[in-house]
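A.B. asks: My questions will all concern the structure given below.
Derivation of every value follows stated rules applied to the coordinates shown; laboratory data play no part. Source: prediction; values computed, not measured. Using ideal geometry, Cβ is built from the backbone for each residue, glycine included, and neighbour counts are taken over all protein chains shown.
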Amino acid sequence: MTAARLQKLEGKIVLPGEPLATIEEFLPEEGVYVDNGVIRAAIYGKVRIDSRNKRIRVEPIKATLKIPRRGEIYYGFVSGIIREDLALIKLVFDSQMERLSGTFTGVLHLSQASDRRIESVYQVIRLGDFVRVQVVNEHPLLLSIKQPQLGVVAAFCSNCGAILYRKPGIDHLVCKRCGNRELRKVSTYYMFVDRG
Amino acid sequence: MVVSGEKPTLIRKVVRDGKEVLVRHDGRLVDQMRPIRIEVGVLSNADGSALVEYGGTRVIAAVYGPKEAMPKYMSLPDRAILRCRYHMAPFSTAERKTPALTRREVELSKVLREALEPVVLTELFPRAMIDVFVEVIQSDGGTRTAAITAASLALADAGVPLKDLVAGVAVGKVDGVLVLDLDEIEDNYAEADMPVAMAPSLNQVVLLQMNGVLTLEEFHAALQLARKGILEIYRLQKEALRRKYAEVKVEG
């Protein structure tokens, strides 16, 4: 590929189906596909070329569409606790808080719900909690909140529905309205901290 | 629609610029399409959307997903499923149409899905589902081709990876003459009607149906005529997508 053609291609706005280069010239990455030896754009966006590593991709204008993959981190709501040892979590945002194109329902098992031995998932989460989870398996979609950064990010009082606050030095979350105390597997990212 | 009464004159010979040409009932030449309007991103709730007008035909397409496949047993282990719904609004025709899906709409939903499946890179989203909704707001012939044009744009707008955009147009034989982009009246009296959709960059036909009778020579000529129209629509599609991008750039 001549330098002039390369310079013309970098940053160019392309539409699906547009031929970009041949597979002899670049390794295709996201946003492109190969048809008959020709690398073509698959989405509308900007062409990005890594000439040192000979990679080509198309950077989308909107956020990239994705589905949960193993190891990735997502945010979601506890949408159901179907058994003492199983909770359903509806994934809504990715780790950058970008909204997903649709919701995906994952399963959280007791064995992945805490770093210590527990009898029931009710000891670590409750219905409606906003949680930060990691995907441990794609199908079935299994989730984990074992690590310190994972777990409940926002929780609500089971008595009155008010926001629960984390108080430094106390294991429980505290409701400021009714004084209720509840246990959760709290993430280090917990949003409401009472330092007063 | 029930065809009744005397057949109107659909093709006339008219002298234009000193030359005798064939003119259709609405003043178009035989190889001329109706005015086309394309807009992308017309709906804010959908992940992607498009509005397409072929003259009096107006359709809106909306795309959701990829998302969790529902019902779950429909999901496929190696790719996403496409779920298409073609629907005509009760007010889209001269007489009220029942809002429920008719046999024709169910069939056209399938036709739409089969026209889109070759271009959507579904293998990137295993076990997921992509929803495509097409609503016909006003019908004046050629709704299925307009629906395909709109649906592919809505998919591109949603950021779903596509091999190519898809554009569609109908060709037909009216009063013994091959014409491009039939409207409702021409469609009702046509000897043949052939909707065609293509992925122009890949030079691939993704939809080909025919109603009526054409000779082999006429069929080849009709396909060439459709191709000419499709390339023009494809150009407008790309223009519409780029226009939307230009707007985004101004905002951000």
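A.B. asks: Per residue of B:60-67, what is the mean number of Cβ atoms on other protein chains within 10 angstrom of that residue's Cβ? Mind showing how you got there, number by number?
C.D. replies: Working: counts 0, 0, 0, 1, 2, 5, 7, 7.
So the per-residue partner count for this stretch is 3.
A.B. asks: Moving on. Within a 10 angstrom radius of each residue's Cβ in B:29-38, how many Cβ atoms of other chains show up on average? Whole number is fine. Write down the numbers at each step before the final one.
C.D. replies: Details: counts 0, 0, 0, 0, 0, 0, 0, 0, 0, 0.
Across B:29-38, the average partner-chain Cβ count within 10 Å equals 0.
A.B. asks: Another question, then. Can you order the peptides B:13-21, B:203-211 by their average number of other Cβ atoms within 10 Å per residue, highest first? If you can, show how the numbers build up before the last one.
C.D. replies: On the way: B:13-21: 8.4, B:203-211: 15.1.
Averaged packing, sorted descending, gives the order B:203-211, B:13-21.
A.B. asks: Something else about it: Mind listing the phi-derived Karplus ³J(HN,Hα) values for segment B:127-135, rounded to whole Hz, using 6.51, -1.76 and 1.60 with θ = phi - 60°, and x for any glycine or proline?
C.D. replies: Values, residue by residue: 6, 9, 9, 10, 9, 10, 10, 10, 10 Hz.
A.B. asks: How many nm separate the modelled label positions at A:Lys8 and A:Arg99, each set 7 Å beyond the Cα in the direction of the Cβ?
C.D. replies: 4.0 nm
A.B. asks: In addition: When the label point is put 7 Å from the Cα of A:Ser120 along its Cα-to-beta-carbon vector, which residues of segment A:169-196 have a backbone N closer than 13 Å?
C.D. replies: Correct set: A:183.
A.B. asks: Percent of alpha carbon pairs in segment B:151-252 separated by more than 18 Å? Let's see the in-between values first.
C.D. replies: On the way: 2694 of 5151 pairs.
Of all Cα-Cα distances in segment B:151-252, 52 percent exceed 18 Å.
A.B. asks: What does the convex hull of the Cα atoms come to per residue for segment B:11-251, in Å³? Each step should come with its number before you reach the end.
C.D. replies: Details: hull volume 35.1 nm³, N = 241.
Residue-normalised Cα hull volume stands at 145 Å³.
A.B. asks: A further question follows. Any idea what Rg and Dmax come out to for segment A:3-60 if you just take the C-alpha atoms, in Å?
C.D. replies: Just the Cα atoms of segment A:3-60 yield Rg and Dmax of 9.8, 25 Å.
A.B. asks: Sticking with this structure for a sec: Amide H to amide H, which residues 5 or more places from B:Ala69 or on other chains are under 5 Å from it, using H placed in the peptide plane?
C.D. replies: For B:Ala69, whose amide H was placed from the backbone, the distant partners under 5 Å are B:Met129.
A.B. asks: Which whole-number percent is the relative contact order of segment A:3-60 (Cα, under 8 Å, 6+ apart)? Spell out each step's value before the answer.
C.D. replies: Working: 117 pairs, mean separation 21.1, N = 58.
The value is 36 percent.
A.B. asks: For chain A, what is the largest minus smallest coordinate of the Cα atoms on each principal axis, given in angstrom and ordered from greatest to least?
C.D. replies: Reported extents, whole Å, longest axis first: 70, 37, 26.
A.B. asks: OK, next. Under a no-solvent Debye model with one identical scatterer per Cα of segment A:73-182, what's log10 I(q)/I(0) at q = 0.19, 0.21 Å⁻¹?
C.D. replies: -0.98, -1.16
A.B. asks: Can you give the FRET efficiency to the nearest 0.05 for B:Ala221 and B:Thr93, using r as the Cβ-Cβ distance and R₀ = 41 Å? Don't jump to the answer; show the numbers that get you there.
C.D. replies: Numbers: r = 31 Å, r/R0 = 0.76.
The value I calculate is 0.85.
A.B. asks: For chain B, what's the relative contact order in percent, using C-alpha pairs closer than 8 Å and at least 6 residues apart?
C.D. replies: Working: 544 pairs, mean separation 48.7, N = 252.
The normalised contact order for chain B reaches 19 percent.
A.B. asks: Also, quick follow-up: Let me know the mean shielding of A:12-20 by other chains, meaning the per-residue number of their Cβ atoms within 10 Å of its Cβ.
C.D. replies: Working: counts 0, 5, 2, 12, 18, 13, 4, 1, 0.
Shielding by partners across A:12-20 averages 6.
A.B. asks: Just from its helices, what would the mean residue ellipticity at 222 nm be for chain B, if runs of 4 or more DSSP H residues each count -39500 (n - 2.57) and the sum is divided by every residue, rounded to the nearest 500 deg cm²/dmol?
C.D. replies: Working: 4 runs with 72 residues, N = 252.
Result for chain B, helices only: -9500 deg cm²/dmol.
A.B. asks: If we sort A:166-175, B:56-65, A:35-44, A:76-85 on the protection proxy, mean other Cβ atoms within 10 Å, highest first, what's the order? Don't jump to the answer; show the numbers that get you there.
C.D. replies: Numbers: A:166-175: 14.3, B:56-65: 24.1, A:35-44: 20.5, A:76-85: 16.0.
The most tightly packed comes first, giving B:56-65, A:35-44, A:76-85, A:166-175.
A.B. asks: Same structure, new question: Under the Karplus relation 6.51 cos²θ - 1.76 cosθ + 1.60, θ = phi - 60°, what is the ordered set of whole-Hz ³J(HN,Hα) values for segment B:170-186, x standing for Gly and Pro?
C.D. replies: Result, ordered by residue: 9, 10, x, 10, 10, 6, x, 10, 6, 10, 9, 6, 5, 9, 4, 5, 4 Hz.
A.B. asks: Translational diffusion coefficient of segment B:83-155 at 4 °C, 1.567 mPa s, Stokes-Einstein with Kirkwood Rh over Cα pairs, in µm²/s as a whole number.
C.D. replies: On the way: Rh = 13.0 Å.
Rounded to a whole number, D works out at 100 µm²/s.
A.B. asks: For B:Tyr189 and B:Ile137 in one chain, what is 0.36 nm times their gap in residues minus the Cα-Cα distance, to one decimal in nm?
C.D. replies: On the way: separation 52, 0.36 × 52 = 18.72 nm, distance 2.33 nm.
Residue separation times 0.36 nm, minus the Cα-Cα distance, leaves 16.4 nm.
A.B. asks: Next question. Suppose each label sits 7 Å from its Cα in the direction of the beta carbon; what would the B:Asp26-A:Val38 distance come out to in nanometres?
C.D. replies: 3.4 nm
A.B. asks: Can you give the Rg and Dmax of segment B:112-200 based on its C-alpha atoms, in angstrom?
C.D. replies: 15.1, 50
A.B. asks: Still on this structure: Per the helix-only calculation at 222 nm, which mean residue ellipticity applies to chain A, given -39500 (n - 2.57) for every DSSP H run of n ≥ 4 and division by its residues, nearest 500 deg cm²/dmol? Before the final figure, lay out the partial values.
C.D. replies: Values: 1 runs with 7 residues, N = 196.
Taken over chain A, the calculation gives -1000 deg cm²/dmol.
A.B. asks: Another one. How many nm is it between the label spots at B:Glu117 and B:Gln204, if each spot is 7 Å from the Cα in line with the beta carbon?
C.D. replies: 1.3 nm
A.B. asks: In addition: How are the Cα pair distances of the protein assembly as shown distributed, in percent, across 20 Å bins from 0?
C.D. replies: That works out to 22, 43, 27, 8, 1, in percent per bin.
A.B. asks: Now for a different question. Between A:Ile170 and A:Leu127, how high is the FRET efficiency from 1/(1 + (r/R0)^6) when r is the Cβ-Cβ distance and R₀ = 22 Å? Nearest 0.05. Show your work: numbers first, answer last.
C.D. replies: Working: r = 23 Å, r/R0 = 1.04.
So the FRET efficiency works out to roughly 0.45.
A.B. asks: Of the listed pairs A:Lys62/B:Lys244; A:Lys62/B:Lys110; A:Lys90/A:Lys185; A:Lys185/B:Lys72; B:Lys19/B:Lys238; A:Lys8/A:Lys66, which have alpha-carbon separations greater than 23 Å here?
C.D. replies: Long pairs (Cα-Cα over 23 Å): A:Lys62/B:Lys110; A:Lys185/B:Lys72; B:Lys19/B:Lys238; A:Lys8/A:Lys66.
A.B. asks: Further, regarding this structure: Past the 19 angstrom mark, what percentage of all C-alpha to C-alpha distances in segment A:27-119 do you count? Walk me through the numbers before you get to the answer.
C.D. replies: Working: 2507 of 4278 pairs.
Value for segment A:27-119 (Cα pairs over 19 Å): 59 percent.
A.B. asks: Could you tell me the calculated FRET efficiency between B:Thr9 and B:Asp78, based on Cβ-Cβ distance and R0 = 60 angstrom, to the nearest 0.05? Intermediate values should be presented prior to the final figure.
C.D. replies: On the way: r = 55 Å, r/R0 = 0.91.
Efficiency for this residue pair is about 0.65.
A.B. asks: Related question: Compute the relative contact order of chain A as a whole-number percentage, counting only Cα pairs closer than 8 Å that sit 6 or more residues apart in sequence. Let's see the in-between values first.
C.D. replies: Working: 434 pairs, mean separation 26.0, N = 196.
Averaging sequence separation for qualifying contacts and normalising by length gives 13 percent for chain A.
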